[in-house]
Amino acid sequence: MAPLGTQADSHQPDSKTIRSFFQSISSQYDFLNSLMSFGLDRYWRKQAVQKTLTGREESILDLGVGTGKSLFAFLEAKPFQRAVGCDFSIGMLSVAKERFAIHNGNLGSAKPAPRTAVHLVACDFHELPFVQDTFDVVTGSFMLRSVRQRDHFFKEILRVLKRGGKAVFLELTRPKNRFFWNGVYRPYLRFYVPTVGAFFSKQAEAYQFLSQSIQSFAEPVDLKRRMESNGFSKVFDTPLTLGTTTIMGGYKP
């Protein structure tokens, strides 16, 4: 994906192709996320929740909600008056719908049900179907790499955020330590991710895309500048696990 430019470069698949990738791996997505992150995805989500919430938030929008794991982590932390998840993959939304139905109904779950009903919406996060000044928090996990028009995307987020609201994203990034990058993480991305993904999901092309999108993704400092240029204030980034994952965010003035 293009590090800066308003449009993605010609090597990135179009949105229809990306949607088909996620549609094809929706049933194995959670399992493979945990397998390929060695279980660290739960820790990353917990850190994102802690970095985001102050306790006063009443409404939340999860962009690229996927199977609902990240939104569920927020709802476990506190109740909201309004919680919305949107995704362009019907397959992902089906998994998320089942997750929230089971836990809201508490059907034999050992965990307490979240105290917030969730509304799931099929939409493209480049064109959000919400009025201005709607949400206290807009968040997204592992989805920025699928954004093709980042300027427009950030302006849309700013539009639907309430004044003083916060946007926070959790994303896979490249570590700055060149020895760790060249000796460990780059081989992991080039060989382990596509091989394991293809073996368990039988969708080699989808996991090849995921691998390549991380390798070519914008640096956090570039995304911070992009957020600032589109109106966000107090923009921050917090690296996790040697910089392989980063929490990025900012506020609507």
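The values are calculated or read from the model by the stated rules, or taken from the named source; none is laboratory data. Since the model is a prediction, treat every value here as computed from it, not as a measurement. With ideal geometry, Cβ positions are generated from the backbone for all residues, glycine too; neighbour counts draw on all protein chains shown.
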* Structure fact -> Checked region 52-75 for anything surrounded by fewer than 16 Cβ atoms within 10 Å (Cβ to Cβ) and either of a type outside the set (Val, Ile, Thr) or under 13 Å from the mean Cα position of the chain (by Cα) (or both); matches are GLY55, ARG56, GLU58
* Asked: Looking at region 196-207, is at least one residue within 30 Å of LYS155 (Cα to Cα) and modelled with pLDDT under 85?
  -> yes
* To do: Among residues belonging to region 203-247 that are of a type in the set (Asp, Glu) and surrounded by fewer than 16 Cβ atoms within 10 Å (Cβ to Cβ), point out the one that is nearest to ASN177 (Cα to Cα).
  => GLU219
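Looking at region 186-202, which of its residues are of a type outside the set (Val, Ile, Thr) and surrounded by fewer than 19 Cβ atoms within 10 Å (Cβ to Cβ)? Don't jump to the end; show me each part of the working.
Here is the first cut: in region 186-202, the ones of a type outside the set (Val, Ile, Thr) are 186-192, 194, 197-202.
Once the filter is applied, which keeps residues that are of a type outside the set (Val, Ile, Thr) and surrounded by fewer than 19 Cβ atoms within 10 Å (Cβ to Cβ), region 186-202 yields ARG186, PRO187, TYR188, ARG190, PHE191, TYR192, ALA198, PHE199, PHE200, SER201, LYS202.
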* Asked: So, in region 26-54, of the ones that are part of a loop (DSSP other than H, G, I, E, B) and out of contact with any helix residue (DSSP H, G or I) (no Cβ under 9 Å at 6 or more places or on another chain), which residue ends up nearest to VAL193 (Cα to Cα)?
  -> PHE38
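Can you name every residue in region 135-194 that is in a helix (DSSP H, G or I), acidic (Asp, Glu) and in contact (Cβ under 8 Å) with a residue 40 or more places away in the chain?
Just the residues of region 135-194 that are in a helix (DSSP H, G or I), to begin with: 144-146, 150-160, 178-194.
Among the residues that remain, those that are also acidic (Asp, Glu) are: 151, 156.
Once the filter is applied, which keeps residues that are in a helix (DSSP H, G or I), acidic (Asp, Glu) and in contact (Cβ under 8 Å) with a residue 40 or more places away in the chain, region 135-194 yields only ASP151.
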* To do: Please indicate, with yes or no, whether at least one residue in region 211-234 is in contact with a helix residue (DSSP H, G or I) (Cβ under 6 Å, 6 or more places away or on another chain) and on the phi > 0 side of the Ramachandran plot.
  => yes
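Could you look through region 132-157, keep only residues that are among the hydroxyl-bearing types (Ser, Thr, Tyr) and crowded, with 21+ Cβ neighbours inside 10 Å, and pick out the one that is modelled with the highest pLDDT? Full working, then the answer.
First, pick out the residues of region 132-157 that are among the hydroxyl-bearing types (Ser, Thr, Tyr): 134, 139, 141, 146.
Next, only the ones that are crowded, with 21+ Cβ neighbours inside 10 Å stay: 139, 141, 146.
Details: THR139: 98, SER141: 95, SER146: 83.
If we take residues in region 132-157 being among the hydroxyl-bearing types (Ser, Thr, Tyr) and crowded, with 21+ Cβ neighbours inside 10 Å, then THR139 is modelled with the highest pLDDT.
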* Enumeration of residues in region 78-100 that are assigned to a loop (DSSP other than H, G, I, E, B) and within 16 Å of the chain's Cα centre (by Cα) -> PHE88, SER89
* Asked: Within region 215-251, can you find the residues that are touching an Asp or Glu at 6+ places or on another chain (Cβ under 9 Å) and not hydroxyl-bearing (Ser, Thr, Tyr)?
  -> PHE217, PRO220, VAL221, LEU223, LYS224, ARG226, ASN230, VAL235, ILE247, MET248, GLY249, GLY250
